[in-house]
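See below for the structure under consideration.
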Amino acid sequence: TRIILEIDDQENVFTAARLIDRIMSISHHGVRDYHLVVPLELLQQSLHTQRIFNVVLSVIGGISLLVGGIGIMNIMLATVSERKREIGLRRAVGATRRDIVVQFLTESILLTVSGGVLGIVTGFAFVVVMEVFTGWSIKITIASMVVPFLLAVATGIFFGLYPALQAARLDPIKALRTI
């Protein structure tokens, strides 16, 4: 036998549940041979689990951004080291330090943007696969694509700035002597 009750005011759901539990306990002479389910309680547990899941995914995402950013910085530092002659030549023919910074920052941002686009495409494909295999309906918002893209651009700027400044600080004469 099943009894379904609907409470109009959500604020009173738990009070009503305690009252119903007391009434059931009295009518069953203290024997707990019934099961009381409060959907709001289940929803709260589900939301709590979802919040924990979101925090874990955010931490993983943050660590991934940090590792990716360090990788970008190392790639850009290696690029600066390998292209010293080019940098020296550009400076010798009139390129300003700002021009060099803009060039290397642009390259860094292009690297991270392409990684960001690849990440968004991979994430979208993962969601589609999850929907197919689990039957879940997963909502993809514009924000869930724009925010990671902007984070990729910010990562490119942040981790590309140091190598770009290193390139701009090179002495053109010493850079041209580099073999």
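The values are calculated or read from the model by the stated rules, or taken from the named source; none is laboratory data. This is a predicted model, so every value here is computed, not measured. Positions of Cβ are generated from backbone atoms using ideal geometry, with glycine treated the same way; all protein chains shown enter the neighbour counts.
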Exercise for the section: Among the numbered conditions (1) in a helix (DSSP H, G or I); (2) free of Cβ contacts under 8 Å to residues at least 24 places away in the same chain; (3) not aromatic (Phe, Trp, Tyr), tell me where residue 141 comes up short. Expected result: (1)
Problem - Matching residues, segment 17-35, being surrounded by 14 or more Cβ atoms within 10 Å (Cβ to Cβ) and either modelled with pLDDT under 80 or aliphatic (A, V, I, L, M) (or both) - result: 17, 20, 24
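In the set 70, 63, 120, which member is surrounded by 14 or more Cβ atoms within 10 Å (Cβ to Cβ), among the aliphatic types (A, V, I, L, M) and out of contact with any Gly (no Cβ under 7 Å at 6 or more places or on another chain)? Explain how you work it out, then say what you get.
Values: 70 fails: surrounded by 14 or more Cβ atoms within 10 Å (Cβ to Cβ); 63 fails: surrounded by 14 or more Cβ atoms within 10 Å (Cβ to Cβ).
Result: 120 is the single residue among 70, 63, 120 that is surrounded by 14 or more Cβ atoms within 10 Å (Cβ to Cβ), among the aliphatic types (A, V, I, L, M) and out of contact with any Gly (no Cβ under 7 Å at 6 or more places or on another chain).
Listed here are the residues, each with its yes/no results for (1) of a type in the set (Asp, Glu); (2) under 29 Å from residue 164 (Cα atoms); (3) surrounded by 12 or more Cβ atoms within 10 Å (Cβ to Cβ).
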site	(1), (2), (3)
90	no, yes, yes
97	no, yes, yes
114	no, yes, yes
127	no, no, yes
130	no, no, yes
137	no, no, no
141	no, no, no
146	no, yes, no
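Scan the helices (runs of 4 or more DSSP H) fully inside segment 1-116 and keep the ones with 1 or more residues being closer than 25 Å to residue 158 by Cα and in contact with a Ser or Thr (Cβ under 7 Å, 6 or more places away or on another chain).
Numbers: elements: 13-27, 39-82, 84-92.
The helices (runs of 4 or more DSSP H) meeting that bar are 39-82, 84-92.
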Completion exercise
The one condition residue 159 fails out of (1) surrounded by fewer than 17 Cβ atoms within 10 Å (Cβ to Cβ); (2) within 21 Å of residue 60 (Cβ to Cβ); (3) at pLDDT 90 or above is (1)
